[in-house]
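Down below is the structure, laid out as structure tokens.
We did not get these values from a lab; they are worked out from the coordinates using the rules stated. Here the structure is a predicted model, which means the values were calculated and not measured. Counting neighbours? That spans all protein chains shown, and the Cβs are built from the backbone with ideal geometry, glycine included.
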Amino acid sequence: MRNEILRASKIHFESHIQKHRVNIEVMLRNPTALPDHTDIMDAIEKELAYIAEYQDKLEALKLFPVFDGK
């Protein structure tokens, strides 16, 4: 069960990183898709903060190695 929880957490964090990366790509490629009142630099900075948060969590997860039973 331990390994499954750790693997699921890793996948969860990686998927959030990907989601926020895609959000930034959309903003960079099509800034007109954002509402007129949106500060694009602020919006990108918020997405980067989410990425940094999940990257930190991935790094912290390395403190708990996954064992394959060998």
request  = For region 40-52, take each phi angle, set θ = phi - 60°, evaluate the Karplus expression 6.51 cos²θ - 1.76 cosθ + 1.60, and give the result in whole Hz per residue in order, putting x for glycine and proline.
outcome  = 4, 5, 5, 5, 5, 4, 5, 5, 5, 4, 5, 4, 4
query = Mind checking the dipole of the chain: about its Cα centre, +1 per Lys or Arg Cβ, -1 per Asp or Glu Cβ, Debye to the nearest 20?
reply = 500
request  = Please give the net charge around H12, taking every other residue with its beta carbon less than 13 angstrom from that of H12, where Lys and Arg add +1 and Asp and Glu add -1.
outcome  = +1
message = Please give me the summed charge of the neighbours of D56: other residues whose Cβ is under 14 Å from its Cβ, Lys and Arg +1, Asp and Glu -1.
response = 0
request  = Compute the signed sum of charges (Lys and Arg +1, Asp and Glu -1) over the other residues within less than 11 Å, Cβ to Cβ, of L28.
outcome  = 0
Overall Cα dimensions of the chain, principal axis frame, Å, largest first = 56, 16, 15
inquiry  = Along the charge dipole of the chain, pointing to its positive end and built from +1/-1 on Cβ of Lys, Arg, Asp and Glu, which listed residue (N23, A43, F67) has its Cα farthest out?
reply    = F67
task = Quickly rank 16-22, 58-64 as a protection proxy: mean count of other C-beta atoms within 10 Å, highest first.
result = 16-22, 58-64
Net lengthening on full extension, A8/L58 (0.36 nm per residue, minus Cα-Cα) = 16.9 nm
